Amino acid sequence: MTTVLAADQGSGVVILGGQIVDTACALETESAYQLIEMDPTPVGRLVREGESNPHPFTLRLVRCSLTRTNPNQSDEKLPDWQHVRVTFDGVTDREGRSFAAFGSSQGVALLITDAAGRESMPGVPMPLTPVAGNHQVLHYTLRLVGNDRPVSVGTHRAAVRFRLEYF
């Protein structure tokens, strides 16, 4: 009888990490890391109107469970989750009222507003939004705005982080 030994086909290590959190909803994966490509904005529009066309984006809350239990005593109920609060954060511009844009374009900043038209200021929590149902979509709009410096053509980019808190 001939013995055949299998050649080593390689090996590896899988490293997994995660969190256990006390939260009302999960954030849809596509909502967590978004790359938003805005349409080109003519300089004349920024000078004349002070802002670009709006670019909508959403944060999708999924698998919501509004019932809370005490993590230390599973038979004890806590008050149900009722609200979510979103805080956008990043480098500031316009004296803290907008998000800084970087790149070869000059004279612009980024402004985020919610569905009610309320402006987000970097690091300042937005008003509470009621949480209802198994899933919910939070609607926001992104615009380029002038930052009181001369506008010049070019490209821009920005990184804006967000945090969700439930109450």
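The values are calculated or read from the model by the stated rules, or taken from the named source; none is laboratory data. Quantities reported herein were computed from a predicted structural model and do not represent experimental measurements. With ideal geometry, Cβ positions are generated from the backbone for all residues, glycine too; neighbour counts draw on all protein chains shown.
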Given the residues A132, A109, A116, which is the only one that is of a type outside the set (D, E, K, R), assigned to a loop (DSSP other than H, G, I, E, B) and within 19 Å of the chain's Cα centre (by Cα)?
-> A116
Residues located in segment 76-106, provided they are among the hydroxyl-bearing types (S, T, Y) and assigned to a loop (DSSP other than H, G, I, E, B) = S104, S105
Give the residues of segment 30-42 that are outside any loop (DSSP other than H, G, I, E, B) and either touching a Cys at 6+ places or on another chain (Cβ under 8 Å) or hydroxyl-bearing (S, T, Y) (or both), sorted by residue number.
-> S31
So, first residue in contact (Cβ under 8 Å) with a residue 12 or more places away in the chain in segment 125-142, second residue in a strand (DSSP E or B) and among the polar types (S, T, N, Q), Cβ within less than 6 Å, six or more apart or across chains; the pairs are P125/T87; M126/S120; V137/T58; H139/T58; T141/T113
Matching residues in segment 43-56 - criterion: being surrounded by 11 or more Cβ atoms within 10 Å (Cβ to Cβ) and not in a helix (DSSP H, G or I) | G50, E51, S52, N53, P54, H55
Scanning segment 76-99 for residues that are hydrophobic (A, V, I, L, M, F, W, C), buried (at least 18 other Cβ atoms within 10 Å of the Cβ) and over 13 Å from T23 (Cα atoms), which turns out nearest to the chain's Cα centre (by Cα)?
-> F88
Restricting attention to segment 137-148, report how many residues are in contact with a strand residue (DSSP E or B) (Cβ under 6 Å, 6 or more places away or on another chain) and surrounded by fewer than 18 Cβ atoms within 10 Å (Cβ to Cβ).
-> 3
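Tell me whether segment 19-29 contains one or more residues that are among the hydroxyl-bearing types (S, T, Y), part of a strand (DSSP E or B) and surrounded by 14 or more Cβ atoms within 10 Å (Cβ to Cβ).
no
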Hits in segment 67-123 - residues which are within 12 Å of V160 (Cβ to Cβ) and hydroxyl-bearing (S, T, Y) | T87, T92, S98, S120
Go through (1) touching a residue at least 60 places away in the same chain (Cβ under 8 Å); (2) surrounded by fewer than 16 Cβ atoms within 10 Å (Cβ to Cβ) and name the single condition G117 misses.
-> (1)
Within segment 28-37, identify whether any single residue is free of Cβ contacts under 8 Å to residues at least 40 places away in the same chain and on the phi > 0 side of the Ramachandran plot, and answer yes or no.
-> no
Look through segment 57-75, keep the residues that are free of Cβ contacts under 8 Å to residues at least 40 places away in the same chain and part of a loop (DSSP other than H, G, I, E, B), and return whichever of them is surrounded by the fewest Cβ atoms within 10 Å (Cβ to Cβ).
-> N72
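Taking the conditions exactly as written (at pLDDT 95 or above, more than 30 Å from V43 (Cβ to Cβ), surrounded by fewer than 18 Cβ atoms within 10 Å (Cβ to Cβ) and of a type outside the set (K, R)), does P127 satisfy them or not?
Yes.
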